[in-house]
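Bear in mind these aren't lab numbers, they're just calculated from the coordinates by the rules spelled out. Being a predicted model, the structure only gives us computed values, none of them experimental. Cβ atoms come from the backbone with ideal geometry, glycine included; neighbour counts cover every protein chain shown.
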Amino acid sequence: MSVVIVGGGLGALRTAESLVTAGYTGEVVVVSDERYLPYNRPPLSKEALKGVIDAEALEFRRRSSVDSVTWILGDGAESVSFADQNLTLKSGRVLTFDGLAIATGIRPRRLGVEGPISGRHALRTIDDAKSLRYALDDSRSLLVVGAGFIGCEVAATARMLGLAVKVVAIDEEPMIRPLGPELGTELRRRHEAKGVQFHLGLGIDAFLGDESATGVRLSDGSEHYADLIVEAIGSRPNTEWLDGNGLDLSDGVLADASMRIVGATFPAVAVGDIAKYPHELFDAIPRRIEHWNLPTETGRRAGKTLAALLSGQEPATEPINFIPTFWSDQYEYNIQSFGMPGIADHQRLSFGDWNRELVVEYIRGDDLVGVVGIDSVPELLPYRNRLMKRA
């Protein structure tokens, strides 16, 4: 009996661990586009860009329970047949399986506007970070396209390294989608106090330059140039290799609360950033959530589900009750969140002042659905407990 886990990140690792811990004794094969074992991604936009990027230092510790796992690195999925239960790798190698875990995650979204492709850095992998790190050494100015968390973290890191930084984005405020306008405005103020220039509420009409991008032209006709350009405008789920199998691939892979893929006729699960599932703690609408702790939580559940299905049993059907969590370090500020602030319809400052330490509650109707704090971990923890009690 064989299980193939497609994707080599944290979700894949936690699925393998959970699968074995739940009693599965067959073969486990993990295949990945990347040539590295599972590693920690958040430092790539922060600490790793300030110094030497050491792939081994970023690796997650692997439990002895997965010592027998076979890792096929640098050879990702090309296509899969659910009917034949086989996976074709980019090298042409074909693997058959009894169970499948989909953990191929996301990739940076790129703008489809005119202009050169070369010279536009993105940040998702160790190799991306290495390329960007070398470019930072030879640059005096940086232009960030996009004002989400990755873009703002890179902007903060570059300012700490002494580069002049501009951020251009179609959004009205930085990080507005998850955090709302009030907190977005305050974080823009803090970035501006560090010297970052923002040009917001404007689309990008074109990248400028001959063979390599050296700037952008915005929708108001203004042009902005820099030695280095980073494109950070969100992500896309890596689902193309799954085409033709009758799955719901609209913004990820649709799964139920056990992480079992909807529409699969054999044991198959989806894990981490690529999985779209109902989070009953908030509502029954299936969503894809890219928070730091969810590859671990969904991987643990998916491994148990696969083990049950492969032994001829039905998986546990308890509703999802883990709390989405993320954090971001920008300059000396630590931003931390519990829940799903992005689905709130209003928010209120519940602790501190807008220009100091603070906690913001995110509310939908009468229900607390999320909380975000800046430099206020002790004040945040009671909110996490409130959400856990609701679970």
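Numbers below:
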quantity	calculated
Rounded to 10°, Cα long-axis angle of helix 126-137 versus longest principal axis of the chain	20 degrees
Dipole of the chain [Lys/Arg +1, Asp/Glu -1 at C-beta], most positive-end residue of V80, P108, P378	P378
Helix axis angle, 149-160 relative to the chain longest principal axis, alpha carbon, degrees	50 degrees
Listed residue pairs exceeding 31 Å between alpha carbons, taken from K46/K276; K50/K90; K130/K166; K130/K304	K50/K90; K130/K304
Karplus (6.51, -1.76, 1.60) ³J(HN,Hα), θ = phi - 60°, over the stretch 34-49, in Hz, Gly and Pro reported as x	7, 9, 10, 5, x, 9, 7, 8, x, x, 5, 9, 10, 4, 5, 6
For the stretch 293-305, Karplus couplings with θ = phi - 60° (6.51, -1.76, 1.60), whole Hz, Gly/Pro x	8, 6, x, 5, 5, 5, x, 4, 5, 5, x, 5, 5
Alpha-carbon centroid distance for the pair the stretch 289-318 / the stretch 175-254, whole angstrom	32 Å
Helical mean residue ellipticity (222 nm; -39500 (n - 2.57) per DSSP H run of 4+; nearest 500) of the chain	-7500 deg cm²/dmol
Under 17 Å from the E280 label point (7 Å along Cα→beta-carbon), backbone N, the stretch 289-306	298, 301-302, 305
Mean Cα-pair separation over length for the chain, i.e. relative contact order, pairs under 8 Å, 6 or more apart, %	16 percent
Order of S350, S222, S45 - criterion: other Cβ atoms within 10 Å of each residue's Cβ, fewest first	S222, S350, S45
Sorted by Cβ density within 10 Å, fewest first, the residues S32, S250	S250, S32
Amide proton proximity set for V28, modelled H, under 5 Å, gap of 5+	V3, T70
Highest-MSF residue in the chain out of D33, D220, D248 [GNM, Cα springs under 10 Å]	D220
Among A193, I289, T317 - extreme Cα towards positive end, dipole of the chain, charges at beta-carbon	T317
K166, K304 arranged by Cβ crowding within 10 Å, fewest neighbours leading	K166, K304
Folded to 0 to 90 degrees: helix 377-390 orientation relative to the chain principal axis, Cα	40 degrees
Exposed-site-free run, longest, the chain (rule: GluC sites (Glu not before Pro); DSSP loop; at most 12 other C-beta within 10 Å)	1-210
Vicinal HN-Hα couplings computed from phi for the stretch 217-225 (Karplus, 6.51 cos²θ - 1.76 cosθ + 1.60; Hz; Gly/Pro x)	10, 8, 5, 8, x, 6, 10, 9, 10
Lys, Arg +1 and Asp, Glu -1 on Cβ, resulting dipole of the stretch 110-231 about Cα centre, debye, nearest 20	400 debye
Amide H partners (placed H, <5 Å) of A275, local residues excluded	V253
